[in-house]
Amino acid sequence: MLDIKYIRENLEICKQAAKNKNREVDWDKLLRLDEKRRELIGKIEERRAKRNEISKFHPPAGGSNKIQNPNDQKEEGRKLRDEIKELEEELKTVERDYNELMLTVPNVPDPIVPIGKDASGNKEVKKWGEPKSVSGWDFAPLDHIELMKRLDLVDFDRGVKVGGFRTYFLKNEGVLLEMAVLTYTLQKLVKKGYIPLIAPSLVKDFTLVGNGQFPWGREEVYALEKDEVYLAGTAEVPVTAYYADEILLEKDLPKKFVAFSPCFRREAGSYGKDTRGLYRLHQFNKIEQVIINLNDYESSIACHEELLQNSEEVLQDLKLPYRVMLMCTGDMGEPQVKKYDVETWMPKREAYGETMSNSFMGEFQARRLNIRYRARDGVKFAHTLNNTAVASPRILIAILENYQQADGSVLVPEVLRDFVGKERIEEK
């Protein structure tokens, strides 16, 4: 969340940011509640100070002080106590409404972020590799669905039978290929000094509020209501909350993590989109990068570029063509200050498909999760960043379609061959 002091002092900037992110905020009510909250806090502190003064006062014998009678002191103390209790109850109600409204305020994007209503406003900033259209092949290429069925790498029908729509069984070399690309990426980042984690997919409510998915994206999350937990859609959720309500030391930052986790998404807003194949699923596996950094803008922007470079290196190692998109205000998400999407070429789509998302959040998540660090000039909220290093099986679409051969086989990317145990996947 944003600092309320920042909101008061930069109200028009905050209003424009919410408008550009297609979000409505009841600014008048928020500011009224903030004013009332401060007023009540002032009254409570005033009465507590007066009560403390009374409790410490011992009138001298024969003095002329107004409060000489101990009974008068007690009565005044009781009156102040009751007033404080009444004010505290009122404050509790005001703060509940105030906090709910504060959670609806989106972050303010970096000035470099393009303004746009939706994905059409995103800006391409980089390309790597030579994407090959279907017409450029010397044979008729297949899509990943047909390839995987022919090579016995997936079973969609039994997946749907067992788990319902958008579920699947990976099989044979499909399993080995997924484990290979996940393991390769994990090891690559561990060698760069990132701390490896296997993150829980079961998370409490505060983690989703903290990372900014709640209140906006609640319909996307699977809820296990009986146990009061949720299934996380990304390791960003548990890993960013790792230091919730803790105070770290400046010298220990940045903290860099690389985490594996199964991920779960309801895809509630994607009816009719990508209904075939492995592109949009309810369950998948992911290697996620998370950085907890100092509250230093330039340093965090450098971390953001580092995360992007890590993802690019993975795709370059796999020799997969891709492009980097700077996301516009209407497509970047509520918590982000700046966001890149990395899209990998998928031949049968005749288009790039998103495979990585790279986000810088400023102190937005850290405020919601109360992640701070002790600096020389006081205690500060940290900055948080995250990026998909690789997610599967979506990355398998790009690998299979780009590496398919005229005889129907699929070459295994060179960097994955030791993991898979073969150079080529062929029909059984």
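The values are calculated or read from the model by the stated rules, or taken from the named source; none is laboratory data. These numbers were taken from a predicted model, which means no experiment stands behind them. Methodologically, a virtual Cβ is constructed for each residue, glycine included, from the backbone with ideal geometry; neighbour enumeration extends over all protein chains shown.
Among the residues of the range 1-15, just one is touching a helix residue (DSSP H, G or I) at 6+ places or on another chain (Cβ under 6 Å) and not in a helix (DSSP H, G or I), namely Met1. Inspect the range 96-112 for any residue being over 26 Å from the mean Cα position of the chain (by Cα), at pLDDT 95 or above and closer than 30 Å to Asn10 by Cα and give the result as yes or no. So far as the range 96-112 goes, no, none of its residues is over 26 Å from the mean Cα position of the chain (by Cα), at pLDDT 95 or above and closer than 30 Å to Asn10 by Cα. Checked against the criterion of being among the basic types (Lys, Arg), within 20 Å of the chain's Cα centre (by Cα) and within 30 Å of Gln309 (Cβ to Cβ), the candidates Lys251, Lys286 yield just one match: Lys286. May I ask you to list the residues in the range 394-428 that are outside any helix (DSSP H, G or I) and closer than 18 Å to Pro347 by Cα? Within the range 394-428, Gln404, Gln405, Ala406, Asp407, Gly408, Ser409, Val410, Leu411, Val412, Pro413 qualify.
Ser261 meets all of the listed conditions (1) surrounded by 18 or more Cβ atoms within 10 Å (Cβ to Cβ); (2) out of contact with any Phe, Trp or Tyr (no Cβ under 8 Å at 6 or more places or on another chain); (3) modelled with pLDDT under 95 but one, namely (3). Taken over the range 381-428, the criterion of being touching a Phe, Trp or Tyr at 6+ places or on another chain (Cβ under 8 Å), more than 30 Å from Lys338 (Cα to Cα) and in contact (Cβ under 8 Å) with a residue 24 or more places away in the chain is satisfied by Asn402, Ala406, Val410, Val412, Pro413, Val415, Leu416, Phe419. Every test in (1) free of Cβ contacts under 8 Å to residues at least 40 places away in the same chain; (2) small (Gly, Ala, Ser); (3) crowded, with 24+ Cβ neighbours inside 10 Å is passed by Ala351 save one, and that test is (3).
Filtered by the rule that a residue be over 27 Å from the mean Cα position of the chain (by Cα) and of a type in the set (Lys, Arg), the range 19-37 gives Lys29, Arg32, Lys36, Arg37.
Highlighted here are the strands (runs of 3 or more DSSP E) found entirely within the range 312-393 that include at least 2 residues which are of a type outside the set (A, V, I, L, M), at pLDDT 95 or above and in contact with a helix residue (DSSP H, G or I) (Cβ under 6 Å, 6 or more places away or on another chain): 338-346, 351-360, 383-392.
When Lys286 is tested against (1) assigned to a helix (DSSP H, G or I); (2) of a type in the set (Lys, Arg); (3) under 13 Å from Asn387 (Cα atoms), only condition (1) is not met.
Exactly one residue out of Leu308, Leu248 is closer than 18 Å to Ser357 by Cα, surrounded by fewer than 22 Cβ atoms within 10 Å (Cβ to Cβ) and either modelled with pLDDT of 95 or more or not assigned by TED's automatic domain parsing to the domain that holds Lys380 (or both), and it is Leu308. When the criteria are applied in full, Arg394 fails the requirement of being farther than 20 Å from Gly129 by Cβ and basic (Lys, Arg). Within the range 351-365, if we keep just the residues that are within 15 Å of the chain's Cα centre (by Cα) and of a type outside the set (Gly, Ala, Ser), the residue that is nearest to Arg280 (Cα to Cα) turns out to be Met356. Of all residues assigned to the range 16-29, none qualifies as being in a loop (DSSP other than H, G, I, E, B), at pLDDT below 90 and surrounded by 14 or more Cβ atoms within 10 Å (Cβ to Cβ).
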